[in-house]
1. In the range 1-36, what residues are β-branched (Val, Ile, Thr) and within 16 Å of the ligand (Cβ to nearest atom)?
2. Take the conditions modelled with pLDDT of 95 or more and within 16 Å of the ligand (Cβ to nearest atom) and apply them to Ile58. Does it pass?
3. Any chance the range 300-314 includes a residue that's in a loop (DSSP other than H, G, I, E, B), modelled with pLDDT of 95 or more and of a type in the set (Gly, Ala, Ser)?
4. Which residue pairs have Cβ atoms under 8 Å apart, sit 6 or more places apart or on different chains, and have a first residue in the range 203-232 that is at positive phi and a second that is of a type in the set (Val, Ile, Thr) and more than 16 Å from the ligand (Cβ to nearest atom)?
5. What are the pairs with Cβ atoms under 9 angstrom where one residue, in the range 134-150, is closer than 21 Å to Ile90 by Cβ and the other, located anywhere, is charged (D, E, K, R) and part of a helix (DSSP H, G or I)? Sequence gap at least six, or different chains.
6. For the range 223-242, which residues satisfy the criterion of being within 16 Å of the ligand (Cβ to nearest atom) and part of a helix (DSSP H, G or I)?
7. Taking the options Ile263, Ile295, name whichever one is open to solvent by less than 20 Å² (accessible area, probe 1.4 Å), in contact (Cβ under 8 Å) with a residue 24 or more places away in the chain, within 29 Å of Val225 (Cβ to Cβ) and in a helix (DSSP H, G or I).
8. Just to be sure I understand, how many residues within the range 140-188 are of a type in the set (Lys, Arg) and in contact with an Asp or Glu (Cβ under 8 Å, 6 or more places away or on another chain)?
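The values are calculated or read from the model by the stated rules, or taken from the named source; none is laboratory data. As the structure is a prediction and not an experimental result, all values here were calculated from the model. In this analysis, Cβ positions are derived from the backbone assuming ideal geometry, glycine residues included, and neighbour counts consider all displayed protein chains. Note: accessible area is taken over every heavy atom of the protein model, side chains too, but ligands, DNA and RNA are not part of it. Shrake-Rupley method; radii C 1.70, N 1.55, O 1.52, S 1.80 Å.
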Amino acid sequence: MLSEKVFIPTGYTHTADKGSFEWSAPSNIALVKYWGKKENQIPANPSVSFTLNNCKTITKLAFEKKDNSQNFSFDLFFEGQPKESFRPKIEKFLERIVIYLPFLKEYHFTIDTQNTFPHSSGIASSASGMAALAMNFMSLERLLNPEMTDDYFYKKASFLARLGSGSACRSVKGNIVVWGEHNDFSESSNLYGITFPYMIHENFTNYQDTILLVDKGEKQVSSTVGHDLMHGHPFAQQRFAQAHDNLSKIKEALINGDTTTFIAVVESEALTLHAMMMTSMPYFILMKPNTLEIINKIWTYRAATGIPVCFTLDAGANVHVLYPENAKDKVLEFIKNELVAFCQNSQYICDIIGTGATKY
Ligand code: PMV
C-alpha cells in the first residue's frame, strides 16, 4: 500500500520558466456512492463510477516563473471571463497540495477553464474541474522531472484531484474507476482511484448515460455539508458496510454481464444516498416531484419491455438514465416521448462511458 509520502518529491532535475498546458477531464457518475469522509478527504467507504465522455471541463494552465515565492499567485477565467468567485476554492486546493507540488509558489498561473455542459445545470463541475487542474499541474511536474513514469503521473494526478474534491479522483482514468480500499481489489486505495482491474463484460461496453435535467438550480446542500452529516448519523456504520457489499456484487455483475444485479445495486445505491440525506439531522429532500415521476416511468417501461434501463442520482434532483448501447434507439425514443416532459426546459444530455482525462 502506498502512503502519501511517495507523492512528496525529493527534488527536480529540470527547470521551466514559462509555458502552458491544456487538459480536459470528464465528469463521472458513481454506481456505488461515496457519502461520508474522514479527515484529508479519506472516504468512509469505497465507491465505483463510470467515467463519462461528453460532460467535461477543459482547462488551460499557463505558468510563468516569478521572483518571490512567498504566496500563491494566479488569475482565473471561466469561459473567457475573469471569475473571482472560484478563487477561494482554488486557493484552498493549492494550500492542500503545495506539500506535494512544492513549486506551486514559484509560478504565476493563469487558469482558463470551461465546461462542455451548461453552467448551473445541476451537474457538478467540481470533479471534472479539479481533475483537469490536477492533470495540468502534473504536466508541469513532469516537465521538472521527465523521468516520471506514467503510472506515477496518473496515480498522483488522481491523488491531487481527490484533495480538491473527493470524487474528482475518479475522473482521471476510464472507463470504470474504483476508489477506496476494498477486499476484492488488492490495488485499491483511499488515496486515489484505480481502473477497474477485471475484464468487463461486453454488455457494459459503451454503456449510455442520458442525464435528465430536472432541476438546474444551485445545490441545496454542498457536498461538504452532506459528507459531514454522516458523522454521528444513526445509520452510518450499516451504510458503510453495505457499500462494501454492493461493490462486491457490482464487481461480479460487471464481469458476468449480469444486468439484473447491476440494476438492483445501482438503483438501491441511488435511493440509499438520498435516504441518508432524508435521515440526517438536519434532513433534506433533494429529489423533486419530477425525479419520482421519472423513476416510476422507468420502472414501468422496464417491466413492460424487459429492456435493462435503470436510473441513478447524484446529490440532486437530476436523473441519470443508464442503459446498454444496443437499446439506445428504443430508450432514446422512450426518453423523448415520456421523460423529457419532466425535465426543466426539456433539457437532457446524452453521454456515454469514456476513457478519462485527455491532453490537448
Ligand atoms: O466529490 P464530492 O465531495 O463532491 O462528493 C460527491 C458525492 C456524490 O456525488 C454524491 C457521490 C459520488 O460518489 O460521486
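1. Within the range 1-36, the subset β-branched (Val, Ile, Thr) is 6, 8, 10, 13, 15, 29, 32.
Selection gives Ile29, Val32.
2. Values: modelled with pLDDT of 95 or more: yes; within 16 Å of the ligand (Cβ to nearest atom): no.
No; evaluated as a whole, the condition is false for this residue.
3. Step one: filter the range 300-314 for residues in a loop (DSSP other than H, G, I, E, B), giving 306-309, 314.
This time we only want the ones that are modelled with pLDDT of 95 or more, so: 306-309.
In the following step, the residues that additionally are of a type in the set (Gly, Ala, Ser) were identified as 306.
Within the range 300-314 (the criterion being in a loop (DSSP other than H, G, I, E, B), modelled with pLDDT of 95 or more and of a type in the set (Gly, Ala, Ser)), the answer is yes, since at least one residue qualifies.
4. Asn206/Ile352
5. Sorted first by the residue in the range 134-150, then by its partner, the pairs are Ala134/Lys156; Ala134/Arg162; Met138/Lys156; Glu141/Lys156.
6. Hits for the range 223-242 are Ser223, Thr224, Val225, Gly226, His227, Asp228, Ala236, Arg239, Phe240, Gln242.
7. Values: Ile263 fails: within 29 Å of Val225 (Cβ to Cβ).
It is Ile295.
8. The first filter runs over the range 140-188 and keeps only residues of a type in the set (Lys, Arg), leaving 142, 155-156, 162, 170, 173.
Still in the running and in contact with an Asp or Glu (Cβ under 8 Å, 6 or more places away or on another chain): 156.
Count: 1.
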